[in-house]
Amino acid sequence: MSPLAARLRRLPNPRFTGLGAGLFATATMLAFAFLDRLLLDGEPVVYGVLFLLVSAVTALWVRTADLVTAPISVPIAFAAGAYPIAGGTGGFGGQMMALITTLALHAGWLYGGTLIAGLIATVRKVRQMGRRQSARDAAARAGVTRAGATAYRAAGPGHGSGSPGPGHGSGTGARAPRATVPRAARRG
């Protein structure tokens with residue numbers, strides 16, 4: 001194993017639910033926005049780069065069953081975090097106008113982060129579907145092999161050598177058991 005792979009394995013690998021991923025992204029973006037406003041006077045480029053990072057991490061850490069929530073929750077997190085860096089004066093109306101202006105002017109970061117989260121979620125979903133299909137194929141091959149061996153044993157020791165097997169010509173009318181094929185193998 002390479003040193004880089006060993007380091008990556010030691011990193012935390014939490015699995016958030018859909019709600020947990022949304023809360024993680026929102027809380028992280030709010031924290032980054034307050035730090036950005038405090039240290040850099042609300043620099044939108046720094047906030048945008050941090051949003052791309054949070055989008056990727058959110059899509060990587062969400063559970064496989066909740067992958068669809070990653071590209072939905074990261075834009076909400078961007079909008080929530082944009083409020084502290086938007087500035088705005090003049091009461092609630094002025095602050096909302098500043099927020100809308102900030103979202104409009106920095107929509108590229110928003111689209112980029114959403115695209116990153118969507119791509120990572122899609123790749124993870126395709127990989128999961130491939131693993132499931134491989135497991136089904138392996139189970140079907142093992143089931144066909146077992147069914148063939150069971151049918152061979154049920155046919156008896158003389159089957160195929162010219163002598164009748166159980167139920168063939170014995171006059172009892174009993175038939176040898178048929179081999180069963182798993183449902184997945186029958187579908188092809």
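None of T26, T89 is surrounded by fewer than 16 Cβ atoms within 10 Å (Cβ to Cβ) and of a type in the set (V, I, T) except T89.
Exactly one residue out of G94, G88 is at positive phi and free of Cβ contacts under 8 Å to residues at least 24 places away in the same chain, and it is G88. Cβ-Cβ distances below 7 Å connect the following pairs, each with a first residue in region 40-64 that is open to solvent by 50 Å² or more (accessible area, probe 1.4 Å), a second residue that is at pLDDT below 85, and a separation of six or more residues or different chains: W61/P14; W61/R15; W61/F16; R63/R15; R63/F16. In this structure, does A59 turn out to be of a type in the set (A, V, I, L, M, F, W, C), in a helix (DSSP H, G or I) and in contact with a Phe, Trp or Tyr (Cβ under 7 Å, 6 or more places away or on another chain)? Answer is no for this residue.
The values are calculated or read from the model by the stated rules, or taken from the named source; none is laboratory data. Owing to the predicted nature of the structure, the values given are computational and were not obtained by experimental measurement. When we count neighbours, we look across all protein chains shown, and the Cβ atoms used for this are built from the backbone with ideal geometry, even at glycine. For accessibility, only protein heavy atoms count, side chains too; no ligands or nucleic acids. Shrake-Rupley method; radii C 1.70, N 1.55, O 1.52, S 1.80 Å.
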